[in-house]
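Encoded as structure tokens, the structure appears first; notes follow it.
The values are calculated or read from the model by the stated rules, or taken from the named source; none is laboratory data. Just so it is clear, the structure is predicted and the values come from calculations on it, not from any experiment. Cβ: placed from backbone, ideal geometry, glycine included. Neighbour counts: every protein chain shown. Side chains are part of the model used for accessible areas, which takes the heavy atoms of the whole protein and leaves out ligands, DNA and RNA. Shrake-Rupley method; radii C 1.70, N 1.55, O 1.52, S 1.80 Å.
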Amino acid sequence: VKYLKARLAMRDATWAEATTLLENLRAEATHLPGLEIQLNLLLAVCAGKLGEPEPEEKAYQRVIHADPKNVQARTGLGNLYLALGRFDEAVRELEAAAQSPYAPGAVVAQWVRTKAQRLRAADAPAAEWARLDKAVVAAAPRFGAVSSEPLVLRAEVAALGGKAAEGVQFLRKEVVRR
């Protein structure tokens, strides 16, 4: 019943009330790891809606401590770090999320784009760009057989890496193929 009350408070956008209910329930759910993970994910959402980055970060970290491969927590924490301007930490979390076999293509794409921006800002050597391109090629099946997203990502990586002409060639070849 407490869980449902908390979810109703979230539905009604009464975030402070939802947070209180979820925290109380979390204190009672110490021997139920699945429920505790879910409660922490919900607490992170509430904290985000309240504009409270510290509790949001702590909630995501509790999930990651219990389940280091939790894609939702890693992605949420990565997005939080992006919002806070902690870009290297964001890349680390998004990469950890993208490495999960359960990560959808959208998570992979977010990691690739964020990583590419960091490489560009750091004026990274060609070997780093080549590694990122290989990661995109390896992740292509996650997007689905007919998706053009991996090719668009490769073109973006090439362009950001100073090889715009190579990126255009990727796209032209795909247009001809389709």
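Of all residues in the stretch 138-178, those being among the small types (Gly, Ala, Ser) and in contact with a helix residue (DSSP H, G or I) (Cβ under 6 Å, 6 or more places away or on another chain) number 7.
Residue-wise test of (1) closer than 26 Å to Ala73 by Cα; (2) among the acidic types (Asp, Glu); (3) open to solvent by 70 Å² or more (accessible area, probe 1.4 Å).
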{"site": "Val107", "(1), (2), (3)": "yes, no, no"}
{"site": "Thr114", "(1), (2), (3)": "yes, no, no"}
{"site": "Lys134", "(1), (2), (3)": "yes, no, yes"}
{"site": "Arg142", "(1), (2), (3)": "yes, no, yes"}
{"site": "Glu149", "(1), (2), (3)": "yes, yes, no"}
{"site": "Glu156", "(1), (2), (3)": "no, yes, no"}
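So which of Ser100, Ser147 is of a type in the set (S, T, N, Q) and more than 30 Å from Asn40 (Cβ to Cβ)? Just a single option satisfies the conditions, and that option is Ser147. Restrict the check to the stretch 42-65 and report whether at least one residue is open to solvent by 30 Å² or more (accessible area, probe 1.4 Å), more than 22 Å from the chain's Cα centre (by Cα) and of a type in the set (Gly, Ala, Ser). No, the stretch 42-65 has no match at all.
Counting the residues of the stretch 119-132 that are in a helix (DSSP H, G or I) and either crowded, with 17+ Cβ neighbours inside 10 Å or acidic (Asp, Glu) (or both) gives 4. All told, Leu4 meets the bar of being over 29 Å from Pro101 (Cβ atoms) and among the hydrophobic types (A, V, I, L, M, F, W, C).
Looking only at the stretch 88-107, decide whether some residue is in a helix (DSSP H, G or I) and aromatic (Phe, Trp, Tyr). Taking every residue of the stretch 88-107 in turn, none turns out to be in a helix (DSSP H, G or I) and aromatic (Phe, Trp, Tyr).
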